[in-house]
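Below: the structure, in C-alpha cells.
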Amino acid sequence: MRRDAKSRGDKRPAPLAAFFPSVSALGAYMDALVDGGRCERDDDPPGYRKLLQTTMVGHGPLGGQIAFHEPAERLSDTVLKAITMMLKRDSVSARGSGGGGGGFAGKPTRNMLALGYDLRSDGGMNCVGSDSSLAHHFVNSSVVELGKGSWTRLLARTGTEAMSHLLCCTSMFLPLPNGGYRQLSGIPLASMQMPPAKRIGESTARAFRLPAAAGAKRKRGDVSSDTDTDMED
C-alpha cells in the first residue's frame, strides 16, 4: 500500500482506513490507552521515536484506559503468553463454529503473530521454553521484529497489560522503504471482509484482491499494482 501525502499528515492511510474503524500512530494509540501514558520523551533515540510515529495501528473504540504497572516479565514472555492466548481463543472459536475457524473462503484465520506456533499438550521436542502447551514449528518474522530494543522500551513505558492488549486486540503495520506497509500483527487483511459501507478505488481493490465498490473512482495515493508491492506478511 502506498502512503500519499495526505495520509502521512493525518496518520490515516486510506487503504488501512477501509478495514478498521480507526487508524492511529502507535505512540498516539498507546498514550490514549494507558492512563497517564506518555510513550515518547525528548531524549528518546531516533529509532524508537520513528517506531512510535510511523507504525500504524488499526483498532476499534477504546473500552477504557489501562493503568500502568512496571513490567514484571520480559517482552519475549509477554509475546509468548499473548500467542498462547490467541491460539486458545481460536481453538474455542473453531469448536463453536464446527471447525471453520471463521476464515476467508473456508480457510482458518490466525493472528499473524501466531503463525508458526501451535498448542501442544505432549511436551514434544518443539516446545517453547518451559511451556509445554506451546510448540514452535518455524520462524515468525513478526515475533523476530518484536525482539528489537525499541519494543522493549515501549513495554517499559506502557506496562505488560497494555502491551498484551496491543498484541492481541489490534492490527499493526510497519512502514516500508518503498512507501508501503508490512503487516506485523492481527488477522491478515486478505482474510478480512470489508464493511459494505466502505468504498475504495479500483487500484486499491486490486492490491487486496477485493471487489471495488460500485462507481468508486481511483484516487491519488491508491495502490498501483504495476509498480507497488502488495501487503507483505
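The table for this structure:
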| quantity | calculated |
| --- | --- |
| Cα centroid separation, the stretch 42-57 to the stretch 65-81 (Å) | 19 |
| Inter-site label distance for R74 and R89 at 7 Å from Cα along Cβ, in nm | 2.5 |
| Accessible area (Å², 1.4 Å probe, nearest 10) - F68 | 70 |
| Calculated FRET value between N178 and V139, using beta carbons and R₀ = 22 Å, to 0.05 | 0.40 |
| Solvent-accessible surface (1.4 angstrom probe) belonging to H137, in square angstrom, nearest 10 | 90 |
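The values are calculated or read from the model by the stated rules, or taken from the named source; none is laboratory data. Computed from a prediction, not measured in an experiment: that's the story for all the values here. Cβ sites come from the backbone with ideal geometry, for glycine too, and all protein chains shown count toward neighbours. Keep in mind that these areas ignore ligands, DNA and RNA; they rest on the heavy atoms of the full protein, side chains included. Shrake-Rupley method; radii C 1.70, N 1.55, O 1.52, S 1.80 Å.
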